[in-house]
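What follows is calculated from the coordinates using simple rules that are stated; it is not laboratory data. Bear in mind the structure is a predicted one, so any value in this text is a computation, not a measurement. Methodologically, a virtual Cβ is constructed for each residue, glycine included, from the backbone with ideal geometry; neighbour enumeration extends over all protein chains shown.
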Amino acid sequence: MSERAKLTGLGFVVGILSGLLGVGGGIFLVPIMVTYFNITQHIAQATSMAIVIPTALVSSAIYGFHGNIDVLLALNLILGSICGASLGARVMKRIPAIRLKQLFGVLLMLVGLRMVLA
């Protein structure tokens, strides 16, 4: 199977999980891109963010069609997220790849633990 076919298949599976679980996909994509496709941590994280845009637009449209979006809540979160993402992207470039991997792993563990215990 070609690399392109593998990546397309990965995108398909991650798209299903993103739409189903309401996640951006980075929790799946970043570790897979780094581990199995030998993509650097910085590129994997940035690529994952680029993938969020079309994935979020499609799933948001479908969620909205079903009346599952609180628009005022979303607008407030969007405002803060845009500002935070701008700062985060700038800071990310200054952090060594190994430290990014560690931070990403700790974040995944904390989120997973919180979800299991809540």
If you bin every alpha carbon distance in the chain into 5 Å steps from zero, what whole percent lands in each bin? 2, 10, 16, 22, 21, 18, 9, 3, 1, 0
With a 10 Å cut-off between alpha carbons and a GNM built on the chain, which of Gly84, Gly26, Gly11 moves the most? Gly84
Gaussian network model of the chain, springs between alpha carbon atoms under 10 Å - residue of Ala56, Ala97, Ala74 with greatest fluctuation: Ala74
Where in the stretch 26-97 are there trypsin sites (Lys or Arg not before Pro) that are in a DSSP coil and have at most 13 other Cβ atoms within 10 angstrom of their Cβ? Lys93, Arg94
What distance in nm lies between label points placed 7 Å from Cα along the C-beta direction at Leu73 and Ala5? 4.3 nm
With θ set to phi - 60°, apply the Karplus curve 6.51 cos²θ - 1.76 cosθ + 1.60 along the stretch 5-12 and write out the HN-Hα couplings as whole Hz, x wherever there is a Gly or Pro. 5, 4, 5, 5, x, 4, x, 4
Express the relative contact order of the chain as a whole percentage, based on alpha carbon pairs under 8 Å and six or more residues apart in sequence. 22 percent
Thr35 versus Val58: modelled label distance in nm, points set 7 Å from Cα along the beta carbon direction: 2.4 nm
Estimated inter-spin distance, Ile98 and Val116, nm [label 7 Å along Cα→Cβ]: 2.7 nm
Treating only Lys and Arg (+1) and Asp and Glu (-1) as charged, each at its beta carbon, one finds that the chain has a dipole about its Cα centre, in Debye to the nearest 20, of 440 debye
Computed, not fitted: 222 nm per-residue ellipticity of the chain from DSSP H runs ≥ 4 (each -39500 (n - 2.57)), nearest 500, equal to -28500 deg cm²/dmol
